[in-house]
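Take a look at the structure below.
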Amino acid sequence: MGGGIPGAAKNEAVARSLGRRRHLTNLFVKALCITATVIGLLLLASILATLLWNGLAGLSLNVFVTDTKPPGSHGGLLNAIIGTLIQTALGTVIGTPIGLMVGTYLAEYSRGSQISNVVRFVSDVLLSAPSILIGLFIYQLLVEPMGGFSGIAGSLTLAVIVIPIVVRTTEDMLRLIPATLREAAIGLGAPKWKMITLVCYRAAMDGIVTGVLLAVARIAGETAPLLFTSLGNSSGLGNLATPMASLPVTIYQYAGSAFDDWVQLAWVAALLITVGVLAINVTARLALRGKK
Amino acid sequence: MTFRTTALAIALAGFSFAAHAQTQITGAGSTFAAPIYGKWAEAGATATGVKLNYQAIGSGAGINQINNRTVDFGASDMPVKAEDLTAHKLMQFPTVIGGVDIIVNLPGIKANELKLTGPVLADIYLGKITKWNDPEIAKINAGMKLPSLAIATVHRADGSGTTFVFTDYLSMQSAEWKSKVGSSTSVAWPNGAGGKGSDGVAATVQHIPGGIGYDESAYAEQNHLTTALMMNKAGKFVAPTMAAFVAAAGNADWSKVQNFAIDLNDQPGAASWPIESATFVLLPLDPKDEKQSTAVKKFFDWGFEHGDDIATSLLYIPLPQSVHAAIRTAWKAVPGTM
Amino acid sequence: MQQAIIIPASGRARRGFGDAVFATTARASGGLVLLLLGGIILSLFIGGIAAFREFGPGFVFSTEWDPVHQKFGALVSIYGTLITSAIALVLAVPVAFGVAFFLTELAPAWMRRPVGTAIELLAAVPSIIYGMWGFFVIVPIMSSTIQPAIINFFDGIPVLQDLFAGPPFGTGIFTAALILAVMVIPFVAATMRDVFDTVPAVYKESAYGVGCTTWEVMRSIVLPYTRVSVVGGIMLGLGRALGETMAVTFVIGNADRISETVFGSGNTIASIVALEFPESPQGSLKLASLLALGFILFVISFIVLAISRMLLKPKATGG
């Protein structure tokens with residue numbers, strides 16, 4: 001301050017204006033960031049509001065007890081709902097054990113080795129691969145030779161999508177288990193496989209279940225792969241050997257259609273799927289956060 | 001919990017009811033014909049004992065599916081060429097007739113006010129006429145105030161029989177269109193945006209001032225879209241009404257065509273609507289299961305016998321009785337009873 | 001984390017039967033995953049080989065897509081895929097950064113979890129829902145308000161007026177990119193958030209200590225420290241955008257041609273496969289072309305993913 005230093009007052013003025021500028025820049029950036037977050041939240045709100053606004057209008061008991069019907073015949077979504085439940089369940093049941101074993105392999109049998117890096121990388125590629133390409137693959141593998149679309153082809157496509165998700169969570173969860181737990185089991189004379197199944201899995205169960213739930217939420221909304229494998233069924237449920245109905249495919253057909261009641265049902269189906277998927281997600285994430 | 005169990009119980013009960021002696025047939029293809037087949041299935045279910053699963057995935061996809069024998073019948077607005085029918089061992093027959101409307105979105109212009117001709121329409125879709133107040137359009141719409149908006153053409157994005165009917169008409173009206181683009185369920189459009197499904201086309205046209213598109217007449221009627229008048233072969237401007245569709249269909253000479261592959265575009269007659277087509281069903285001559293083919297024939301036979309009123313109520317034109325008779329004769333070539 | 005040391009029990013065979021079975025199953029499933037990926041790549045390539053053979057390497061550079069004259073080329077779809085993803089990233093990255101910055105530095109502690117979860121829920125919404133929301137909500141707004149406004153704004157400026165030109169369909173490349181941006185934001189934001197959190201507190205504290213503002217700490221300390229991982233996160237978002245099908249199919253306007261204006265219609269590889277696959281006859285050139293396109297998409301996604309993993313790796317070792 002002052003004293004006998006030449007230009008001190010000028011320095012001070014410069015320092016002040018610089019400080020003000022930095023302060024303003026900081027405020028400006030903060031404001032932008034808050035705006036960005038608000039935009040993100042508004043987008044979510046817009047999507048949910050649209051779904052609720054359009055979907056609730058068509059929600060009725062009829063939707064849950066009647067199959068899909070031609071336009072103007074007061075159809076519902078029963079077969080589509082059950083079809084989605086069946087294919088999702090089957091996809092999960094088939095994909096989870098495989099994903100579990102791969103995750104176990106990566107965490108317990110080959111840690112650090114080159115081959116495990118390759119398998120992990122491949123699993124990640126499958127995780128982010130466009131699901132439509134997986135549908136094309138199953139189409140060539142199963143639908144063409146079988147000569148027809150089927151619920152089992154749809155379920156298998158979903159299983160392929162489930163596998164890498166379960167691999168990722170299983171490996172992460174198993175790695176978190178402290179070495180002491182493993183050593184205790186081995187020290188008691190347990191063979192390796194018993195250590196893994198009786199001790200490690202049990203310890204990691206919460207996290208693994210969460211991973212499975214996230215996988216379920218992901219596949220419940222998949223549309224493109226099902227278009228090429230289970231096709232959809234407009235008059236009933238179908239079964240695993242024939243085209244099978246599902247909610248996402250029904251939405252795809254109804255949303256672009258020419259009939260008001262069908263478009264209305266598309267919204268209801270969209271609402272059902274989104275509510276289901278978001279509910280699973282929130283539950284799973286809350287559980288996972290607690291775990292970590 | 002109780003709601004879910006009740007719903008599940010009802011569902012299971014529903015399944016057990018459906019399990020008695022009914023044949024389930026699958027068909028796929030034309031979105032244009034989806035409403036009528038659906039209604040016929042519902043109305044005739046008890047009489048025929050046939051349950052229909054119809055996937056309205058578009059004419060091109062329907063042809064594909066029946067070629068692969070993944071369904072019991074294919075439905076297409078585009079008749080399949082004779083050599084393809086032989087190659088894939090298929091038999092073809094028509095079921096109903098329907099018209100294709102031209103829809104527009106021009107501020108201040110109401111339904112059935114704007115006049116268009118085939119060549120002008122082709123030039124619009126070729127991109128040679130780009131504004132609504134172009135002299136070519138003004139010439140035929142003397143006295144109408146046309147805005148200087150850019151023309152925004154809309155077409156069907158998915159493979160569609162309606163696209164075939166429309167492009168077939170354009171090919172008839174413009175040699176340039178025929179050589180440059182051609183006609184099919186899916187073509188290389190020179191310009192414009194695609195809409196998914198009939199709904200997509202209508203919505204896109206309605207969103208954009210200056211838009212023009214084509215849609216099935218039943219759909220245009222139901223949704224009160226702004227339709228345009230078209231000049232027919234006789235040089236008269238007609239509106240897309242039921243009377244105009246019937247007039248065009250009435251002129252058709254079914255005896256001259258093979259495999260019922262009649263082209264109803266640009267029919268003569270002062271009152272005829274120029275853009276119209278029959279919709280066809282494809283049956284395999286070597287079905288995997290004869291029972292299925294029999295069921296398909298039974299289903300359509302019921303539709304021909306009892307379904308005319310349903311057809312007209314949905315704005316389709318039923319086939320003449322003589323054609324029904326010819327179809328029944330042709331069915332004899334397909335294994336199975338009937 | 002060490003692996004447990006296995007001391008075989010004495011008096012018994014070195015590897016029990018149970019162990020052998022379990023270990024084999026585990027290794028076999030690892031192999032299965034490798035087979036799956038190999039199978040996908042191979043089936044796409046074999047399926048598409050007819051197209052490559054017919055059109056040669058020119059297939060990748062041809063803009064034709066003419067089902068009537070049986071001429072197909074990949075450039076239109078590749079262009080659509082790349083440009084929608086690029087624009088989506090340009091729109092999404094700043095917003096994602098803002099969200100990540102907000103959640104790591106600016107938000108009070110009680111707000112972080114609910115807001116963070118809410119943003120992450122955007123990632124959970126299925127693609128077809130985005131398609132419907134896009135088509136019924138965003139497209140009308142675009143065609144009635146936003147597109148005309150932008151078109152008028154750039155009208156008269158030489159180069160830009162062609163880029164942002166005519167008719168306001170509402171659908172188109174830009175709208176598709178917009179929807180993609182919304183889908184990508186949560187992925188990029190979540191990665192950025194995780195990565196910002198790895199910066200050791202001592203660096204930030206010393207910066208605050210000399211009087212830096214929050215933004216200056218972010219700009220000079222956090223971003224340079226996490227730069228590589230941030231790019232990795234962006235690549236991850238890119239990978240997601242490249243493969244999106246349903247959301248894009250509803251709003252891109254589906255035209256098989258490269259349009260000069262960003263409001264024009266186009267196609268991405270995913271959307272053209274979804275639309276034209278059902279009507280492509282088995283063994284036809286069109287089907288082969290679509291499968292070839294699928295193969296190309298897979299290659300592009302693979303490269304992007306590989307790069308992103310390479311960039312994100314150092315984070316695991318603490319950097």
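The values are calculated or read from the model by the stated rules, or taken from the named source; none is laboratory data. None of these values were measured; they are calculated from a predicted model. Cβ: placed from backbone, ideal geometry, glycine included. Neighbour counts: every protein chain shown. When the accessible area is computed, the model is the full protein with side chains, heavy atoms only, and any ligands, DNA or RNA have been set aside. Shrake-Rupley method; radii C 1.70, N 1.55, O 1.52, S 1.80 Å.
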Quick calc, region A:152-292, dipole around Cα centre from Cβ unit charges on Lys, Arg (+) and Asp, Glu (-), nearest 20 debye, gives 800
Output field shielding_mean for B:150-159 (other chain Cβ, 10 Å radius) holds 5
Measure of exposure for C:Ser77: accessible area at 1.4 Å probe, Å² rounded to 10, is 0
For chain A, the helices passing both cut-offs (Cα extent along own axis of 27 Å or more, Kyte-Doolittle mean at least -0.5, full DSSP H runs) are A:8-58, A:78-104, A:151-176, A:201-220, A:260-291
Dividing the alpha-carbon radius of gyration of region A:195-292 by 2.2 N^0.38 Å, where N counts its residues, gives 1.41
If each K or R counts +1 and each D or E counts -1, the residues other than C:Met183 whose Cβ falls under 13 Å of its Cβ total -1
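With every protein chain kept in place and ligands, DNA and RNA left out, what is the accessible area per residue of the protein assembly as shown? Probe 1.4 Å, answer in Å².
Details: 37330 Å² over 949 residues.
About 39 Å² of surface per residue is accessible.
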Among residues of region A:90-111, a drop of 30 Å² or more in 1.4 Å probe accessible area, assembly relative to the chain on its own, occurs for A:Ile98, A:Met101, A:Val102, A:Tyr105, A:Tyr109, A:Arg111
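Give me the orientation-averaged projected area of the Cα convex hull of region A:93-225, in nm², one decimal. Numbers along the way, then the final one.
Numbers: hull surface 35.1 nm².
Taking the Cα atoms of region A:93-225, their convex hull projects to 8.8 nm² on average.
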With only helices counted (DSSP H, runs n ≥ 4, each -39500 (n - 2.57)), the per-residue ellipticity at 222 nm for chain C, to the nearest 500, works out to -21500 deg cm²/dmol
On the formula 1/(1 + (r/R0)^6), with r taken between the Cβ atoms of A:Arg175 and C:Val90 and R0 of 45 Å, the FRET efficiency rounded to 0.05 is 0.80
In region A:133-161, the residues losing 20 Å² or more of accessible area (1.4 Å probe, heavy atoms of protein chains only) relative to their chain alone are A:Leu133, A:Leu136, A:Phe137, A:Tyr139, A:Gln140, A:Glu144, A:Gly147, A:Phe149, A:Val160
Here the equivalent ellipsoid of region A:215-264, derived from its Cα gyration tensor, has semi-axes (largest first, whole Å) of 19, 15, 9
Simple spin-label estimate for A:Ala57/A:Ala8, 7 Å along Cα→Cβ, in nm, reads 7.4
Between the modelled labels at B:Lys139 and B:Gln22 (7 Å from Cα along Cα→Cβ) the distance in nm is 5.8
Across 5 Å bins beginning at 0, the whole-percent shares of Cα-Cα pair distances in region C:42-88 come to 5, 21, 21, 25, 16, 8, 3
Accessible-area loss of at least 50 Å² in the complex relative to the chain alone (1.4 Å probe) applies, within region B:67-88, to B:Asn68, B:Thr70
Probe 1.4 Å, all chains present, heavy atoms only: B:Thr86 accessible area in Å², nearest 10, is 100
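What is the mean number of Cβ atoms from other protein chains located within 10 Å of the Cβ atom of each residue in peptide C:100-107, rounded to a whole number? Walk me through the numbers on the way to the answer.
Details: counts 3, 7, 9, 2, 0, 2, 5, 3.
Shielding by partners across C:100-107 averages 4.
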With A:Leu278 itself left out, Lys, Arg at +1 and Asp, Glu at -1 over residues whose Cβ is under 13 Å from its Cβ give +1
Placing +1 on each Lys and Arg Cβ and -1 on each Asp and Glu Cβ in region A:1-90, then taking the dipole about the Cα centre, the residue among A:His23, A:Ala45, A:Gly83 whose Cα reaches farthest towards the positive end is A:His23
Residues other than A:Val14 with Cβ under 12 Å of its Cβ, Lys/Arg counted +1 and Asp/Glu -1, net out at +3
Hits for chain C under the membrane-span-like helix rule (DSSP H, Cα axial span at least 15 Å, Kyte-Doolittle mean at least 1.6) are C:75-101, C:173-197, C:285-316
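Among the listed pairs B:Lys145/B:Lys180; A:Lys69/B:Lys297; B:Lys233/B:Lys298; B:Lys39/C:Lys286; B:Lys81/B:Lys139; B:Lys51/B:Lys288, give every one whose C-alpha distance is greater than 27 Å.
Working: B:Lys145/B:Lys180 32 Å; A:Lys69/B:Lys297 21 Å; B:Lys233/B:Lys298 38 Å; B:Lys39/C:Lys286 34 Å; B:Lys81/B:Lys139 39 Å; B:Lys51/B:Lys288 18 Å.
Check vs 27 Å cut-off fails for B:Lys145/B:Lys180; B:Lys233/B:Lys298; B:Lys39/C:Lys286; B:Lys81/B:Lys139.
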Mean separation of Cα contacts under 8 Å (at least 6 apart) over the residue count of chain A, i.e. the relative contact order in percent, is 25
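Evaluate the relative contact order of chain C (contact order divided by residue number), counting alpha-carbon pairs under 8 angstrom at least 6 apart; express in whole percent. Could the numbers behind the result be given before it?
Values: 421 pairs, mean separation 86.4, N = 319.
Computed value for chain C: 27 percent relative contact order.
Evaluate the relative contact order of chain B (contact order divided by residue number), counting alpha-carbon pairs under 8 angstrom at least 6 apart; express in whole percent. Walk me through the intermediate numbers first.
Working: 674 pairs, mean separation 82.3, N = 338.
Across chain B, relative contact order equals 24 percent.
Sorted by accessible area with a 1.4 angstrom probe, largest first, how do B:His155, B:His88, B:His224, B:His306 fall? Don't jump to the answer; show the numbers that get you there.
Details: B:His155 5, B:His88 75, B:His224 155, B:His306 110 Å².
Per-residue accessible area, sorted high to low, gives B:His224, B:His306, B:His88, B:His155.
Ranked by accessible surface with a 1.4 Å probe, highest first, in what order do C:Leu32, C:Leu275 come? Working shown, then result.
Values: C:Leu32 70, C:Leu275 10 Å².
Descending order: C:Leu32, C:Leu275.
Using the Cα gyration tensor of region B:138-211, with a ≥ b ≥ c the square roots of its eigenvalues, what is the shape: rounded (a/c below 1.5), prolate (a/b larger than b/c) or oblate (neither)?
On the way: a/c = 2.29, a/b = 1.23, b/c = 1.85.
Since a/c reaches 1.5 but b/c is at least a/b, the shape of region B:138-211 is classed as oblate.
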Most fluctuating of A:Gly83, A:Gly58, A:Gly187 in the GNM of chain A (C-alpha, under 10 Å) is A:Gly187
FRET efficiency for A:Leu18 and B:Asp253 from the Cβ-Cβ distance with R0 = 60 Å, rounded to 0.05, comes out at 0.10
Full extension between A:Phe28 and A:Glu144 adds, at 0.36 nm per residue less the Cα distance, a length in nm of 35.9 nm
Along the dipole axis of chain C (charges at Cβ: +1 for Lys and Arg, -1 for Asp and Glu; origin at the Cα centre), the most positive-end residue among C:Val125, C:Ile40, C:Phe61 is C:Ile40
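What percentage of the solvent-accessible surface of the protein assembly as shown, computed with a 1.4 Å probe over protein heavy atoms, is contributed by carbon and sulfur atoms?
Values: 24220 of 37330 Å².
Looking at the protein assembly as shown in its full context, I get 65 percent from C and S.
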Note on region C:226-319: the mean projected area of its alpha-carbon convex hull, in nm², is 7.7
Of C:Thr226, C:Thr249, C:Thr81, the most mobile residue in a GNM of chain C (C-alpha springs, cutoff 10 Å) is C:Thr226
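What dipole magnitude, in Debye to the nearest 20, does region A:105-232 give about its Cα centre under +1 on Lys/Arg Cβ and -1 on Asp/Glu Cβ? Numbers along the way, then the final one.
On the way: 9 positive and 8 negative charges, 75 e Å.
Approximately 360 debye in magnitude.
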Ranked by GNM mean-square fluctuation in chain C (Cα springs under 10 Å), the top entry among C:Ala189, C:Ala288, C:Ala20 is C:Ala20
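Among the helices of chain B (complete DSSP H runs), which have Cα atoms covering no less than 27 Å along the helix axis and a Kyte-Doolittle mean of at least 0.5? Intermediate results must be reported in sequence, preceding the final value.
Values: long enough: none.
None clear 27 Å together with a mean of 0.5.
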Treating only Lys and Arg (+1) and Asp and Glu (-1) as charged, each at its beta carbon, one finds that region C:108-202 has a dipole about its Cα centre, in Debye to the nearest 20, of 280
So the compactness index of region C:148-216, its C-alpha Rg divided by 2.2 N^0.38 Å, takes the value 1.90
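Would you rank B:Ser217, B:Ser179 by solvent-accessible area, highest first, keeping every protein chain in place and using a 1.4 Å probe? All intermediate terms of the calculation are to be shown ahead of the outcome.
On the way: B:Ser217 5, B:Ser179 85 Å².
Descending order: B:Ser179, B:Ser217.
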Per residue of A:223-232, other chain Cβ atoms within 10 Å number on average 5
